[in-house]
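Chemist: Dumping the structure here so I can ask a few things about it.
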Amino acid sequence: ERGCLRLWAAHSLALAERWTAARAAGLGGAAAARELRRRQRDAFGELLLSIRGLPAALPTLPLELTVLYNSLLFTVGASDSAIEGEADGIRQGLLRVLEACGACGQDLSMEELWQKVLQEVTVEELQAPLHRLGALQAAWWLAAGRLGSVASLFQLLSTAEDTGRGRCGKEQNELLSLLKAWRVPAEGASLRLVQSAEDLKEILCTAAAFLQGLQELEAGNFPTALSLLQEAAGGFCSKKVLAQIYTCLGCCAQRMGKPQTALQHLKRALQVDFQCLPALSHAAAVYHELGETDTELQALTLLYEALEKNPPAAASSNPYFLIQTELLVHTPTLTSLLRRRHPSEVKYLLAQWCLQDGRVTDAVEHYLDFLALLQEGLQQQVPLDGSSALPRIPEVFLEAASALEQAGRHQDAITLCEEVIRRTTALIPRMLQVEERLEQPECPSPGPGLAGGLLSQTKESLCCLAWRTAAYLHQGWAWAKLGKSKEAITQFSRCLSDLLRIQLHGPTIEPTENLPPELEVLQKIRLLSLIGRGIQFLELGRHKEALLDFQHGLQVSPGDPAAASYLVQTLWKLDRKQEAAAQWQKLSQSSPGEQEGKGRPLPLYLVLCLEQAMFPHSETLASTIQDYLGTAAQDTS
């Protein structure tokens, strides 16, 4: 047995020294280090099997646990991916310790097994290897998000004196306090470690702070999250992870309403690792929040150019650290914050922001580039889990048509809208029966058949109807801009005819009160079509027909200033001046912006139509009516 022990110890030492020598020589890059890790894993695994071929014995256990420690490190290092599952090797090692001490624990959980071993095994020679193995166990549990299990383990590993000295008195920092209080066991010369327990302790502290910071960030406890993430930023990690931490700090500061602080953190992330593109994406969002459009568009342009290039290799971690922070921290929150945008998403954001900011030429260019990407199977290149910035494809077509209209390319806009009509026609039933609910819940429960009070299939049909009627609406305005009033009236009429497909059932309510969002959009489209058609009737001198449309518009949206103003103008043209004056007085008595402030924000593709429907001669009309009223008052007196 002594001969085997000496042989195994020599073999273990040789393997560890081979790794140490390779680290010192800095072998030919990450690929060579990865291959060596695999060979070392296999060699340590074979040595461990040889040792376990004999019954567990106290004299061999320090060596066995050290070999197990090194073997597990290489198992993690060779996989080069996040730690998952349980470390079965650790369980076997603890059971061997109990076996050598004449005890058993087959039926115990890992937490119970650790408690039994650390409380009942008092052999001095086993304390250091058990502590190191405990640190490895903590790595597995941190990777699984089991922070409570880690805290319980280190309460067992730390003495009462150490724990008392290390704590800072704040409950949320209890885990960090326990980790910092842990006394790293000395490394024996004959039992060489391939990664020191001191390094492992630093990594555990960094990962614990990072994980807790992410948890607090998700929970909305931003000051606590900020403190923990700052703790992590001062820890032991690669440049890649440090940039990720600064990105999370930036997101936390942004949610705290501190955009300038957020920008400082995000800039720091890019300074640490210029390939941390999520930081650039978040910075663009902060600039958007600040209203710094030029800087935002510059950031998005840089992001698009960086994404267009071949994806660069990630900032390299040290290939000789087998357990690293990035292997322990992989949560949904972090994945969401660091999601790498597809170039097409950034291209769409550029188009959208340019359109909103009135940069029509740039918006048209970006939208056309984006539509070209659709031909490359875009839906297969972006996530479909709701995390993408992309809207539904018909909405993009309609936004592009809006940009083309503003650029004076009316015929191109008509063609684009025709494509929307073609794609949605088969998706809309002849009749849409909608249950109109008087009380719409603010946060409807996501059930399998409900979506904001509407059955999901009905909701989808309403969306398709909104897109198609919006396409007719855009075509109507485009023909109007081309001076083709008859063609414009035809498209406005098609829009209104399509809207007759909706049959509402349920309590009667005010036209714009408590409507589901899909119906509210359709109501706005109906109003804009009536105003648009009425304007074209005025152009053709068909005043009575125009009057009917404006009256219907006010039935759809009572008090709408555009419909009311056009109604006043039409009554005046029909020489019904008293009625016109009465309507104008009613309009002037309504509070400014009363109608504009009602309801939800309009989809971007309807904003131009709303602007086109606005009455352009308010001051002239007001002056005319006031003169008339003044004259009428004098005649009466």
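Chemist: Give the number of residues within the range 310-357 that are open to solvent by less than 60 Å² (accessible area, probe 1.4 Å) and either in contact with a strand residue (DSSP E or B) (Cβ under 9 Å, 6 or more places away or on another chain) or modelled with pLDDT of 85 or more (or both).
Modeler: The total comes to 27.
Chemist: Now for a different question. Test Thr66 against the criterion of being of a type in the set (Val, Ile, Thr), in the same structural domain as Val150 (by the TED database), out of contact with any strand residue (DSSP E or B) (no Cβ under 6 Å at 6 or more places or on another chain) and open to solvent by 10 Å² or more (accessible area, probe 1.4 Å), and give yes or no.
Modeler: Details: of a type in the set (Val, Ile, Thr): yes; in the same structural domain as Val150 (by the TED database): yes; out of contact with any strand residue (DSSP E or B) (no Cβ under 6 Å at 6 or more places or on another chain): yes; open to solvent by 10 Å² or more (accessible area, probe 1.4 Å): no.
No, not satisfied.
Chemist: What about Leu72, is it modelled with pLDDT of 75 or more and either of a type in the set (S, T, N, Q) or open to solvent by less than 70 Å² (accessible area, probe 1.4 Å) (or both)? Even if it seems obvious, please write down each step before you answer.
Modeler: Values: modelled with pLDDT of 75 or more: yes; either of a type in the set (S, T, N, Q) or open to solvent by less than 70 Å² (accessible area, probe 1.4 Å) (or both): yes.
The answer is yes for Leu72.
Chemist: Moving on. Inspect the range 423-433 for any residue being under 29 Å from the mean Cα position of the chain (by Cα), at pLDDT below 85, open to solvent by 70 Å² or more (accessible area, probe 1.4 Å) and within 20 Å of Gln523 (Cβ to Cβ) and give the result as yes or no.
Modeler: no
Chemist: Quick one: in the range 487-505, which of the residues that are loosely packed, with under 14 Cβ neighbours inside 10 Å and polar (S, T, N, Q) is modelled with the lowest pLDDT?
Modeler: Gln503
Chemist: Tally up the residues in the range 196-210 that are within 36 Å of the chain's Cα centre (by Cα) and open to solvent by less than 10 Å² (accessible area, probe 1.4 Å), please.
Modeler: 8
Chemist: Can you name every one of the helices (runs of 4 or more DSSP H) wholly within the range 235-294 that holds 3 or more residues which are touching a residue at least 40 places away in the same chain (Cβ under 8 Å)? If you could, list the steps in order and put the result at the bottom.
Modeler: Values: elements: 239-255, 259-272, 277-290.
Answer list for the range 235-294: 239-255, 277-290.
Chemist: When you look at Pro603, is it under 23 Å from Leu462 (Cα atoms) and surrounded by fewer than 21 Cβ atoms within 10 Å (Cβ to Cβ), yes or no?
Modeler: Details: under 23 Å from Leu462 (Cα atoms): yes; surrounded by fewer than 21 Cβ atoms within 10 Å (Cβ to Cβ): yes.
Spelling it out, Pro603 is indeed under 23 Å from Leu462 (Cα atoms) and surrounded by fewer than 21 Cβ atoms within 10 Å (Cβ to Cβ).
Chemist: Kindly indicate whether any position in the range 506-516 is open to solvent by 30 Å² or more (accessible area, probe 1.4 Å) and not in a loop (DSSP other than H, G, I, E, B).
Modeler: no
Chemist: Right, something else. Please find, within the range 80-118, the residue that is least open to solvent (accessible area, probe 1.4 Å) out of those that are more than 18 Å from Arg52 (Cβ to Cβ) and modelled with pLDDT under 85.
Modeler: Here the residue is Ile83.
Chemist: Taking the range 358-391 only, how many residues are at pLDDT 90 or above and part of a loop (DSSP other than H, G, I, E, B)?
Modeler: Within the range 358-391, residues that are at pLDDT 90 or above and part of a loop (DSSP other than H, G, I, E, B) number 2.
Chemist: Might you let me know whether the range 580-588 holds any residue that is over 12 Å from Ile625 (Cβ atoms) and either at pLDDT 90 or above or surrounded by 14 or more Cβ atoms within 10 Å (Cβ to Cβ) (or both)? Steps first, please.
Modeler: Taking the range 580-588 as the starting set, the residues that turn out to be over 12 Å from Ile625 (Cβ atoms) are none.
The answer is no, given that none of the residues of the range 580-588 is over 12 Å from Ile625 (Cβ atoms) and either at pLDDT 90 or above or surrounded by 14 or more Cβ atoms within 10 Å (Cβ to Cβ) (or both).
Chemist: Could you identify the single residue in Phe236, Phe222 that is under 22 Å from Ile323 (Cβ atoms), open to solvent by 30 Å² or more (accessible area, probe 1.4 Å) and either in the same structural domain as Thr261 (by the TED database) or touching a Lys or Arg at 6+ places or on another chain (Cβ under 7 Å) (or both)?
Modeler: On the way: Phe222 fails: under 22 Å from Ile323 (Cβ atoms).
The match here is Phe236.
The values are calculated or read from the model by the stated rules, or taken from the named source; none is laboratory data. Please read these numbers as outputs of a predicted model, since none were measured by experiment. Methodologically, a virtual Cβ is constructed for each residue, glycine included, from the backbone with ideal geometry; neighbour enumeration extends over all protein chains shown. Keep in mind that these areas ignore ligands, DNA and RNA; they rest on the heavy atoms of the full protein, side chains included. Shrake-Rupley method; radii C 1.70, N 1.55, O 1.52, S 1.80 Å.
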